[in-house]
Amino acid sequence: MTSSKKKIVLLGTTWPFRPGGIATFNERLARALIHEGNDVTIYTFSLQYPGFLFPGKGQYSDQPAPEDLTIRIKVNSINPFNWISVGRELRNLAPDLLIIRFWIPLMAPALGTIARITRKNRHTRVIALADNIIPHERRFGDLLLTKYFIQSIDGFVTLSHKVLDDLKRLRPSAPVLYTPHPLYDNFGKAVSREEALKKLGLDPDFRYLLFFGFIREYKGLDWLLTAFADQRLRPFKVKLLVAGEYYTSSEKYDQIIRENNLEDDVVLHTKFIGDAMVPFYFSVADLIVQPYKSATQSGVTQIAYHFEKPMLVTDVGGLAETVPNGKVGYTVSPQPEAITQALIDFMEKDRSAEFIRNLKTEKVRFSWEKMVETIEKLDVEILKNRLI
């Protein structure tokens, strides 16, 4: 940041929860803010989701706490007395900035209440870093909860123009700035293809397409399996590697594999993938495929940029903003046939080298410094508005 050192509280998921996309992002953002000379404390959840609402197999990390971050385990997402207590604590702490990560309406009552109480000190500016405003998987009451949250916030940073537009519809006068999702550069360097193949137990005679991340309905794995079943792909000696934990029933996907006799062509590593294994999955892949049915932005694209891997995404939400079609990969219409055609083009024309050259230059757009500068710019705008 260009101005003086600030006291900042970042409220969002981090350790002791598993290092999924949001937790990884929040810890990386904290480090970027610290790098610019700020005093940063993270307030994370003591209870994020009740067990019966959590779709995966486990919420908590088996790794020790990061030694370079100050993390306070504070927020119970379902206990209103806790929200009041945490809000009062932050009101009295009086940080210059409270940055709240918002991704799902379920968290709106807790986060909105904490924000409202904190702002009563008339000093702290509250910024929401909004992944989504309209959720991918909608439920009754989502809009009401979201409105409660966004009315408690001084300003917003979004990671896609789609979310910015959603915000402007619900709160037209709110200060909102867009900046692209920065690179996930915390996974270390790529490894050789040979090392990755050995580590993952994969056949070196095949090339691999990678579907990576939690498996949810909106991510379109069924579309990808249908597209991959096309017989025109069989001569290319290519397999589909699915790496990620099911957050929905596997029955539909298993059925597509059986009906199309894909048992030998699809490799299922359907478990939680820890950070240490990420370089192996991306290093073995020729193409990262994200066949999403809906989206705002995706952290998977930023891992792909870090490892300089070509991508195929569907033209939904903000994905096209980060994957220029024909430059670093493909942006296709959201349907299986379009996915198939792009896969065939990639294999027939062997476009890896071309895309990788472009990735090396394109990825400079996605820096953590730009994210921090955007937060600073928004804070300045909020301060000006308070003086008017």
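The values are calculated or read from the model by the stated rules, or taken from the named source; none is laboratory data. Note that the structure is predicted; figures quoted are calculated from it, not measured. Please note: Cβ atoms are built from the backbone with ideal geometry, for glycine as well, and neighbour counts cover all protein chains shown.
Considering only region 83-105, how many residues are assigned to a helix (DSSP H, G or I) and surrounded by 19 or more Cβ atoms within 10 Å (Cβ to Cβ)?
The total comes to 6.
State which residue is nearest to Asp165 (Cα to Cα) when the search covers only region 278-301 and only residues that are of a type outside the set (A, V, I, L, M, F, W, C) and crowded, with 22+ Cβ neighbours inside 10 Å.
Residue satisfying both the conditions and the ranking: Thr296.
Please go through region 338-387 and give me each residue that is in contact with a strand residue (DSSP E or B) (Cβ under 7 Å, 6 or more places away or on another chain), closer than 21 Å to Gln231 by Cα and β-branched (Val, Ile, Thr), ordered by number.
Within region 338-387, just Ile339 meets the criteria.
Take residues that are touching a residue at least 60 places away in the same chain (Cβ under 8 Å), out of contact with any Phe, Trp or Tyr (no Cβ under 8 Å at 6 or more places or on another chain) and over 21 Å from Asn358 (Cα atoms) and tell me which of the helices (runs of 4 or more DSSP H) falling wholly in region 249-337 contain 2 or more.
Answer list for region 249-337: none.
Can you spot a residue in region 211-230 that is more than 26 Å from Leu319 (Cα to Cα) and at pLDDT 95 or above?
no
Kindly list, by first and then second residue, each pair from a residue in region 71-86 that is under 17 Å from Leu106 (Cα atoms) to a residue that is among the aromatic types (Phe, Trp, Tyr), limited to pairs with Cβ atoms under 8 Å and residues at least 6 apart or on different chains.
Short answer, once both residue conditions are applied: Val75/Tyr43; Val75/Phe45; Val75/Trp83; Asn76/Phe45; Asn76/Trp83; Ser77/Phe45; Ser77/Tyr49.
Looking at region 165-185 only, could you name the residues that are buried (at least 20 other Cβ atoms within 10 Å of the Cβ), among the aliphatic types (A, V, I, L, M) and either under 20 Å from Leu29 (Cα atoms) or not assigned by TED's automatic domain parsing to the domain that holds Ile22 (or both)?
Those that are buried (at least 20 other Cβ atoms within 10 Å of the Cβ), among the aliphatic types (A, V, I, L, M) and either under 20 Å from Leu29 (Cα atoms) or not assigned by TED's automatic domain parsing to the domain that holds Ile22 (or both): Val176, Leu183.
Check off (1) part of a helix (DSSP H, G or I); (2) more than 19 Å from the chain's Cα centre (by Cα) for His123 and give me the number that stays unchecked.
It fails just one condition, (1).
Criterion first (more than 16 Å from Gly213 (Cβ to Cβ), in the same structural domain as Asn358 (by TED's automatic domain parsing) and either among the polar types (S, T, N, Q) or touching a Gly at 6+ places or on another chain (Cβ under 6 Å) (or both)) does Ser298 satisfy it? Don't jump to the end; show me each part of the working.
Values: more than 16 Å from Gly213 (Cβ to Cβ): no; in the same structural domain as Asn358 (by TED's automatic domain parsing): yes; either among the polar types (S, T, N, Q) or touching a Gly at 6+ places or on another chain (Cβ under 6 Å) (or both): yes.
The answer is no for Ser298.
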